[in-house]
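Colleague: Got a structure for you, written out below as structure tokens; questions coming shortly.
Here, each number is a calculation from the coordinates, and none is a lab measurement. The structure presented is a predicted model; accordingly, all values stated were derived computationally and were not measured. When we count neighbours, we look across all protein chains shown, and the Cβ atoms used for this are built from the backbone with ideal geometry, even at glycine.
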Amino acid sequence: MQPVFLTGHSRPVNQVKFNHDGDLLFTCSDDGTVCMYETFQLVRIGVFKINEACRSIDITKDSKYLIVSATTVGLQFYDIGTGRRLHEVKVPGVNSKIVALNYGDTEVLCLYDHEKRSYIRSYKVADILSSATNAPKEQFEV
């Protein structure tokens, strides 16, 4: 087995994550992007422009949604197939650190700092996606 060299970010990478099936690989970085790679040939097939430093990501089991922890915004939900940003969830404070889905993809946790203390908030994914109406257009590059 040989090491793999992936390119795509201009700043430090904060997290690397496979989807549930293992056919997609996602990387997030301080450069404000999330790169998506196809794992069989290890080619980049898309870039999600977050426009904030990305600390953490998670992907739903069906590989339909990408959830990004953007530093000063909170959480951002993206449709993986189209690259469209669906919704943004603002959290108090200015330092969103970690995002994590539960096993059934029904709730998402966000770890963030506010006034020198750390907090964890839980959100229902269905409630967030049902309120995702006036989302911006394409945020995805191929």
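Colleague: Mind checking which lysines have their Cα closer than 23 Å to the Cα of K97? Skip sequence neighbours fewer than 8 apart in that chain.
Modeller: K17, K49, K61, K64, K116, K124
Colleague: Mean residue ellipticity at 222 nm from the helices of the chain, using -39,500 (n - 2.57) per DSSP H segment of n ≥ 4 over the full residue count, to the nearest 500 deg cm²/dmol?
Modeller: That comes out to -1000 deg cm²/dmol.
Colleague: Let me ask something else about it. What does the charge count near I50 come to, summing +1 for each Lys or Arg and -1 for each Asp or Glu among other residues with Cβ under 11 Å from its Cβ?
Modeller: Within the 11 Å Cβ shell, the charges total -1.
Colleague: Please compute the alpha carbon radius of gyration of the chain, then divide it by the globular-protein estimate 2.2 N^0.38 Å. Two decimals is fine.
Modeller: 1.01
Colleague: Now for a separate question. What residue among Y119, Y103, Y65 shows peak mean-square fluctuation when the chain is described by a Gaussian network model with Cα springs under 10 Å?
Modeller: Between Y119, Y103, Y65, it is Y103 that shows the largest mean-square fluctuation.
Colleague: Please check: in the Gaussian network model of the chain (C-alpha springs, under 10 Å), which one of F77, F48, F40 has the largest mean-square fluctuation.
Modeller: For the chain, modelled as a Gaussian network with Cα springs under 10 Å, the answer is F40.
Colleague: Output the lone cysteines of the chain: those with no second cysteine's C-beta under 4.7 Å from their C-beta.
Modeller: Unpaired cysteines in the chain: C35, C110.
Colleague: Arrange S96, S63 by Cβ neighbour counts within 10 Å, fewest through most, would you?
Modeller: By the 10 Å Cβ count, ascending: S63, S96.
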